[in-house]
Amino acid sequence: MKLMTKVVTAKEMQALDRHTIEEVGIPALVLMERAALAVADHILALPKEKRHQVVVVVGNGNNGGDGLAVARLLHLAGTPVKLLFALPPTQASEANRIQQHACAYYQLPVTTDPAVLSEATLIVDALLGIGIARPVEGHYADLIDAMNQAAAPIVAIDLPSGMNTDTGEAMGIAVTAASTVTLAYLKVGLTTPAGEAQAGHIIVADHIGIYDL
Ligand SMILES: NC(=O)C1=CN([C@@H]2O[C@H](COP(=O)(O)OP(=O)(O)OC[C@H]3O[C@@H](n4cnc5c(N)ncnc54)[C@H](O)[C@@H]3O)[C@@H](O)[C@H]2O)[C@@H](O)CC1
Ligand SMILES: [K+]
């Protein structure tokens, strides 16, 4: 029997996150760690030559926080990882800053120079997730363009950055991923032709501990 996968909008996913954190009482960092474990497992199952040098592109929200946790887990598994920050690391969500602290403890190399992407054998896209709130412009647009121009394949966390969660359309510009590990449930945008084209192979990490309303 084939089970139907639940498909959610950004608003629905945010309501499920809130319910799990505020009503059930599971701390956001627990969900983040479970999400990161699922993404790291996917990356660690890729051929070894793809993991010679991973570059994680880090935004300032919780998608970036997921990316930082993935970076830590990959580092602890023996994979060389560098962090490419979109913004000065001080301007970040609380969970993101906690993940930054853990990465700093392990002395993961950090840069804000997109030239590091040329060293990558794999790029992890943790720039924007379901929190995308406006068209992508300026430095963020340049970063997405640089990721797409790089030779390395891209693994997107939750959604290819720049994708509208509900339509799959690029909000100006979007990452073209080789694979996307989407968290908890499939997002509506990933089921549209535009979204499928950007996302590549889609994996639903459905065991991160989000509880239904
Ligand atoms: N809340 C939760 O329970 C969980 C959330 N998770 C992750 O958290 C993500 C959502 O996190 P957030 O709500 O922090 O949102 P995001 O991290 O997707 O993005 C929010 C940040 O990006 C900025 N932003 C929005 N649109 C932009 C644009 N066009 N250009 C530049 N900056 C822009 C916002 O100002 C904000 O700082 C999910 O996609 C998922 O990856 C996971 O950690 C699992 C658990
Ligand atoms: K992303």
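Kindly indicate whether any position in region 180-196 is among the polar types (S, T, N, Q) and either under 19 Å from residue 38 (Cα atoms) or within 14 Å of ligand 1 (Cβ to nearest atom) (or both).
For region 180-196, residues among the polar types (S, T, N, Q) and either under 19 Å from residue 38 (Cα atoms) or within 14 Å of ligand 1 (Cβ to nearest atom) (or both): present.
Please work out which residue is nearest to residue 29 (Cα to Cα), limiting yourself to region 54-85 and to residues that are within 8 Å of ligand 1 (Cβ to nearest atom) and outside any helix (DSSP H, G or I).
61
List pairs: first in region 83-98 and under 21 Å from residue 116 (Cα atoms), second away from ligand 2 (no atom under 16 Å from the Cβ) and at pLDDT 95 or above, Cβ under 6 Å, 6+ apart or cross-chain?
These pairs meet every condition: 83/108; 83/110; 84/111; 84/116; 85/112; 89/100.
Conditions: (1) touching a Ser or Thr at 6+ places or on another chain (Cβ under 7 Å); (2) acidic (Asp, Glu); (3) at pLDDT below 95. Residue 206 meets all but one. Number of the miss?
Residue 206 satisfies all of (1) touching a Ser or Thr at 6+ places or on another chain (Cβ under 7 Å); (2) acidic (Asp, Glu); (3) at pLDDT below 95 except (1).
Does region 52-74 contain at least one residue that is over 18 Å from the mean Cα position of the chain (by Cα) and exposed (fewer than 13 other Cβ atoms within 10 Å of the Cβ)?
No; the residues of region 52-74 include none that is over 18 Å from the mean Cα position of the chain (by Cα) and exposed (fewer than 13 other Cβ atoms within 10 Å of the Cβ).
I'd like the full set of residues that are surrounded by 16 or more Cβ atoms within 10 Å (Cβ to Cβ) and either modelled with pLDDT under 95 or not in a helix (DSSP H, G or I) (or both), limited to region 16-45.
Of everything in region 16-45, just one residue is surrounded by 16 or more Cβ atoms within 10 Å (Cβ to Cβ) and either modelled with pLDDT under 95 or not in a helix (DSSP H, G or I) (or both), namely 26.
Given the conditions (1) under 13 Å from the mean Cα position of the chain (by Cα); (2) buried (at least 22 other Cβ atoms within 10 Å of the Cβ); (3) within 27 Å of residue 197 (Cα to Cα), which single one is not true for residue 131?
(2)
Would you pick out the residues in region 91-145 that are under 30 Å from residue 78 (Cβ atoms), in a loop (DSSP other than H, G, I, E, B) and among the β-branched types (Val, Ile, Thr)?
Within region 91-145, 112, 121 meet the criteria.
Return the residues of region 172-212 that are among the polar types (S, T, N, Q) and touching a Leu at 6+ places or on another chain (Cβ under 9 Å); say none if nothing qualifies.
179, 180, 182, 198
The values are calculated or read from the model by the stated rules, or taken from the named source; none is laboratory data. All of these numbers come straight from a predicted model, not from anything done at the bench. Quick reminder, even Gly has a Cβ in these numbers, built from the backbone with ideal geometry, and neighbours come from all protein chains shown.
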